[in-house]
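To start, the structure under review is shown below, and the notes come after it.
The values are calculated or read from the model by the stated rules, or taken from the named source; none is laboratory data. None of these values were measured; they are calculated from a predicted model. Cβ: placed from backbone, ideal geometry, glycine included. Neighbour counts: every protein chain shown. Side chains are part of the model used for accessible areas, which takes the heavy atoms of the whole protein and leaves out ligands, DNA and RNA. Shrake-Rupley method; radii C 1.70, N 1.55, O 1.52, S 1.80 Å.
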Amino acid sequence: MTGDASEAPDNPGVIAPPPLIYASALAVGLVTRGMVGRGVSRNAPAYPVFFLSRVLGWLLIVVGVGIGALGFREMRRAGTNVDPREPTTAIVTEGPYRFTRNPLYLGMTLIYSGIAVRANAFPAVLLLPAVLFVMQRGVIEREERYLERKFGDEYLRYKTRVRRWL
């Protein structure tokens, strides 16, 4: 830095680490669920729903972990930082980044959803839109402005080719 106060830092300035945003809301949803009751039990007549929630929950978790792991791997291959609080050194366009600009956040969203469904935690499901709003405003939009500043036309071209989520 040259000491010029108007220079932006070489990071997006996200409001919090994304895993913390997801984990905090999920914890609140799970604790709230524990305080208000267990929901559908194994002995309830809705056993098929209970079974389906277990299968769907695991499916969401496995797919989320897979997408996140592939995104993480591609960022490491490109030699850029995974932590959004650190400088980005490259635009990653391979692997899941060909389909979504945010595979790590998509993966976290699927994992969150899978855990909420598996735990039959309706309060956690209700908190997910708030998590996505915070992610959108406090993380993703800040990252996009940063990448536009840092990489200019290269990032803008990528942004026109690949959707934010899916």
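For the reader, a short list of remarks on this structure follows.
- Failed item in (1) open to solvent by 30 Å² or more (accessible area, probe 1.4 Å); (2) hydrophobic (A, V, I, L, M, F, W, C); (3) within 27 Å of L156 (Cα to Cα), with M75 passing the rest: (1)
- When the stretch 135-148 is filtered for residues that are in contact with a helix residue (DSSP H, G or I) (Cβ under 9 Å, 6 or more places away or on another chain) and surrounded by fewer than 19 Cβ atoms within 10 Å (Cβ to Cβ), the ones remaining, listed by number, are G138, E144, E148.
- Listed here are the helices (runs of 4 or more DSSP H) enclosed by the stretch 96-166 that have at least 3 residues being touching a residue at least 60 places away in the same chain (Cβ under 8 Å) and more than 18 Å from T80 (Cβ to Cβ): 103-118, 122-135.
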